[in-house]
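Here is the structure we will look at, set down as structure tokens.
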Amino acid sequence: MGSFSDFAQHMDWAGFVSLLLTVGAVLLCLTVHETCHGLTAYALGDPTAKRQHRLSLNPLRHLDLVGTLMMLVAGFGWARPVPVDMRYFKHPKSGMALTALAGPASNLALAYLALLIRALLLGLYQRSGLPLLLGPVNFCGTAAVLSLGLGIFNLIPFPPLDGSKVLGVFLPDRVYYTLMRYEGWGTLLLMLLLWSGLLDAPLSAVRSWALNLLLQGAAWPYVLLT
């Protein structure tokens, strides 16, 4: 009992709780992102994700180990891609673009929703002073930042990221399908860039700019309550 008591006394509980909140926010952002890819593809006629049980809010179905670790460490990362068969789409390139865009769009929407809830909880905290509200406030703030980071990172027009599929609508078919064939090399290059830190500054700058805009647009629940 003595050793456990010593462990409990020296444990950084605030840091542990912060880590749990971050992990929960990462799982939420990645799950929403990939599920929305699958739902959009399904709506456009592709049943592949549904057949492989990827239309799910179970985060274990979507996690990629390296991408999840990058989300925790750098705030930018990826999940295990939802399988998409563009041959099911009536218009393959535009269908693929819409499916790809659904992921980042869902992250932007999630970030705004998280900031709205955060503003509401902050307003309630100002009125009540209940310290129990601070945990959810911190979770919503973390989820908003990570969701924005995930969405912005995936909009980079470089294969295999979602932005490359959106860019593909404007490319000739020959160039588009050539890029698709080299997605594996793109993944390797992106990992090297992320580990080198070369993308940190520009991605963080864009995320901060977007976060400030969303904060301004999501402040009204706090204003109404205070």
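Miscellaneous remarks
- Calculated P(r) of the chain - Cα pairs past 23 Å, %: 54 percent
- Judged by the mean number of other Cβ atoms found within 10 Å, the most tightly packed of the peptides 193-204, 75-86 leads the ranking 75-86, 193-204.
- Rounded to whole numbers, the Karplus 3J(HN,Hα) couplings from phi for the stretch 209-224 are 4, 5, 5, 4, 4, 5, 4, 5, x, 10, 7, 5, x, 5, 4, 5 Hz, using 6.51 cos²θ - 1.76 cosθ + 1.60 with θ = phi - 60°, and x at Gly and Pro.
- Modelled FRET efficiency - R0 45 Å, L57 with L189, Cβ distances, 0.05 increments: 0.90
- Think of it as helices only: each DSSP H run of n ≥ 4 in the chain is worth -39500 (n - 2.57), and spread over all residues that comes to -24000 deg cm²/dmol at 222 nm.
- Estimated vicinal HN-Hα couplings, Hz - the stretch 147-157 in sequence order (Karplus 6.51, -1.76, 1.60; Gly, Pro = x): 5, 4, x, 5, x, 5, 4, 6, 7, 4, x
- Debye equation applied to the C-alpha atoms of the stretch 123-226, log10 I(q)/I(0) at 0.10, 0.11 Å⁻¹: -0.46, -0.53
No value in this document is a laboratory result; all are computed from the given coordinates. For clarity, every value in this text was computed on a predicted model and none was experimentally measured. Cβ coordinates were reconstructed from backbone atoms using ideal geometry, including for glycine residues, and neighbour counts include every protein chain displayed.
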